Amino acid sequence: MSRNLIVFFIAWVITRLFYWMSGFSPIRDLPAVLGYSIDLGIWLLVSMISYWFLRVLGIGRKAR
């Protein structure tokens, strides 16, 4: 499985769990541009951390 697909799935799960547990959804709770910007920032942060974590563990590495 592609590392990018794994990262997308992990980011989706983590953000949905965070929004569910905190009761905060930036797209619904904040004005349009600010809400989308914060949601994108959270997605990018979670994606970068999970991508780094998978790279360190060597998960999803392509066969050479």
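Note on the chain: with neighbouring protein chains present and a 1.4 Å probe, carbon and sulfur make up 72 percent of its accessible heavy-atom surface. When only Cα pairs below 8 angstrom with a gap of at least 6 residues are kept, the chain shows a relative contact order of 50 percent. Segment Ile42..Ser2, full-extension length gain: 12.2 nm, with 0.36 nm per residue of separation and the alpha-carbon distance subtracted. The residues Trp52, Trp12, Trp43, sorted by heavy-atom accessible surface at 1.4 Å with ligands and nucleic acids left out, run Trp52, Trp12, Trp43 from largest to smallest.
Rounded to the nearest 10 square angstrom, Ile6 shows an accessible area of 30 square angstrom against a 1.4 Å probe. Helix 32-57 axis versus longest C-alpha principal axis of the chain: approximately 20°, rounded to the nearest ten.
Relative to the current alpha-carbon distance between Phe18 and Val33, full extension at 0.36 nm per residue lengthens the span by 3.4 nm. Here the extension length gained between Phe9 and Ile59 equals 16.6 nm, from 0.36 nm per residue of separation less the Cα-Cα distance. The long axis of helix 3-22 is offset from the longest Cα principal axis of the chain by roughly 30 degrees.
Taken per residue, the accessible surface of the chain reaches 81 Å², heavy atoms only and a 1.4 Å probe.
The values are calculated or read from the model by the stated rules, or taken from the named source; none is laboratory data. Since the model is a prediction, treat every value here as computed from it, not as a measurement. With ligands, DNA and RNA removed, areas are computed over all heavy atoms of the protein, side chains included. Shrake-Rupley method; radii C 1.70, N 1.55, O 1.52, S 1.80 Å.
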